[in-house]
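S.K.: Quick one: the structure is below, questions incoming.
The numbers here are math on the coordinates, done by the rules we state, and not lab data. Treat the numbers as computed from the prediction; the structure is a model and nothing was measured. Quick reminder, even Gly has a Cβ in these numbers, built from the backbone with ideal geometry, and neighbours come from all protein chains shown.
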Amino acid sequence: MEHPCLRCGACCAFFRVAFHWSEAETFLGGKVPPELTEKLDPHRLAMRGTNAAQPRCVSLQGTVGEAAHCGIYPQRPSVCREVQPSWEFGAVSLQCDKARLAHGMSVLTPEDWLDPFDAGEPPMPQSA
Ligand code: SF4
Ligand code: SF4
């Protein structure tokens, strides 16, 4: 089953993605590429493109609602790691729902996580 986020990307083109500046400082263990950020205030950076009237993170690759992914996935900020898709772990995610609705998509449901090719192991044949 393809992960629903790979056909979405809405949350990366809806919220302002702000985080502590230390996440982009390599000497402090930060991994976010600094050139992809902008200063928001003395304490925080934002992913470029997200502090805008119509946000879209500079690192988002592809087309929202069709095929989209994060271009810096292993290096993405902590706030991105905290956004959970609705029902992936058994609960609604208000952030996910809000972003998808704003982009004209329906919210995810538990059924979106059912893999039609993973209907369970067939029963083992019984020997006589
Ligand atoms: S809005 Fe939800 S489904 Fe879409 S990319 Fe974000 S977490 Fe994934
Ligand atoms: S860094 Fe990646 S996960 Fe975070 S908003 Fe940008 S594209 Fe989305």
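S.K.: Do you know the relative contact order of the stretch 12-93, to the nearest whole percent, from alpha carbon pairs under 8 angstrom that are 6+ apart?
M.R.: 28 percent
S.K.: Assign unit charges at the C-beta atoms only (+1 for Lys and Arg, -1 for Asp and Glu), then state the dipole size of the stretch 4-110 relative to its Cα centre in Debye, rounded to the nearest 20.
M.R.: 120 debye
S.K.: Which FRET efficiency, nearest 0.05, do SER106 and PHE27 yield, Cβ-Cβ r, R0 41 Å?
M.R.: 0.40
S.K.: Hey, another quick one. Report the gain in length on full extension from ASP115 to GLN84: 0.36 nm times residue separation, minus Cα-Cα distance, nm rounded to one decimal.
M.R.: 9.3 nm
S.K.: Same structure, new question: Rounded to a whole number, what is D in µm²/s for the stretch 4-110 from Stokes-Einstein with the Kirkwood radius over alpha-carbon pairs (20 °C, 1.002 mPa s)?
M.R.: 152 µm²/s
S.K.: Something else about it: Each residue of the stretch 9-24 in turn: what ³J(HN,Hα) in whole Hz from Karplus with 6.51, -1.76, 1.60 and θ = phi - 60°, glycine and Pro shown as x?
M.R.: For the stretch 9-24, the Karplus curve yields x, 4, 5, 7, 10, 9, 9, 7, 9, 10, 7, 5, 4, 5, 5, 10 Hz.
S.K.: Please report THR26, THR37 as a ranked list, fewest other C-beta atoms within 10 angstrom at the top and most at the bottom.
M.R.: Final ranking by Cβ density, sparse to dense: THR26, THR37.
S.K.: In the chain, once you exclude exposed GluC sites (Glu not before Pro) (DSSP loop, at most 11 other Cβ within 10 angstrom), what's the longest stretch remaining?
M.R.: My reading of the result: 3-65 is the longest stretch.
S.K.: Let me ask something additional. Expected output is a single nm value to one decimal: the length gained when fully extending between LYS39 and LEU6, i.e. 0.36 nm times separation in residues minus the C-alpha distance. What is it?
M.R.: Length difference between fully extended and current span is 9.0 nm.
S.K.: Suppose the chain between VAL92 and ALA53 were pulled fully straight at 0.36 nm per residue; how much longer would it get relative to their current alpha carbon spacing?
M.R.: 11.4 nm
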